[in-house]
């Protein structure tokens, strides 16, 4: 097991333990246990905390306020670093657009797009509008335990990058059920030439995305034409608005300065209004999950000095 495997597993476990879903479950379990053992003070305290947490989660204006701040920041970043699509070489599509970790396709034969599917559908739109544009599809599986999955290397060597036989290089291992492979299959079904697609199916999180893309771009530069030996191709990343600030920070720490395209917005830019008052457990949990995931991710990468 590599250090990347340890970091990935630790981050997944920590994120689940610090989620609102786990806190609600823990308080419910604690309340029932306290009642069973006749610890009435503990039962009352846990019950009150559980009610308060349910209200906090379900009252959607609270999480949507914080989510709006993240997405406003993403909008500003995307405006400041908008790509020149007519002259863009590569569009890097960060993983997260495929549902089921590849298992739905393996079991059902259907490519199921997930909540962040706009990452893929927007890439499809741009690929059809700009025929010269090449797509870099990223993502292994985010599952903590995977079945029939290849071992993931700590690095992507230059041996995985070659343009001798194909228009687009490949950073892929031979695995048919990763997010990147299924995204590619979906785009090919929609009429995109497979030769325009680069597969990077070794990264399981944003940190590994940035590391692998940095290695790949450096390989491209080292194998570029002799007349322009140090020129990097132009590239942009496309990801969900809520993910954009963390992705930008992570790619910059990897020495990259990509152009940005934000999609998959959850909020508008209006100020809060009384009409926005709503109680939705599902909507609140989802919004808080996004907020906590992004903030914990930024803290985790900062703690890891990356």
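Just so it is clear, none of the values below were taken in a lab; they were calculated from the coordinates. On a predicted model such as this, the values are computed, not experimentally measured, just so you know. No Cβ is skipped: glycine too gets one built from the backbone with ideal geometry, and neighbour counts run over all protein chains shown.
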Value in Å of the Kirkwood radius, where the stretch 231-306 supplies the Cα pairs that are averaged: 14.7
Nearest 0.05, what FRET efficiency do residue 222 and residue 21 give at R0 = 41 Å with Cβ-Cβ as r? 0.35
At a 10 Å Cβ-Cβ cut-off, how would you order 140, 181, fewest neighbours first? 181, 140
Go through 19-26, 189-196 and give me the packing order, highest mean Cβ count within 10 Å leading. 19-26, 189-196
At a Förster distance of 51 Å, what's the computed FRET efficiency of residue 52 paired with residue 189, Cβ-Cβ distance as r, to 0.05? 0.60
Under 18 Å from a label point 7 Å along Cα→Cβ of residue 234: give me every residue in the stretch 52-94 with its amide N that close. 78-93
First measure r as the distance between the Cβ atoms of residue 302 and residue 130, then evaluate 1/(1 + (r/R0)^6) with R0 = 30 Å and state the FRET efficiency to the nearest 0.05. 0.25
Theoretical gain in end-to-end length, residue 286 to residue 28 [0.36 nm per residue, Cα-Cα removed]: 90.9 nm
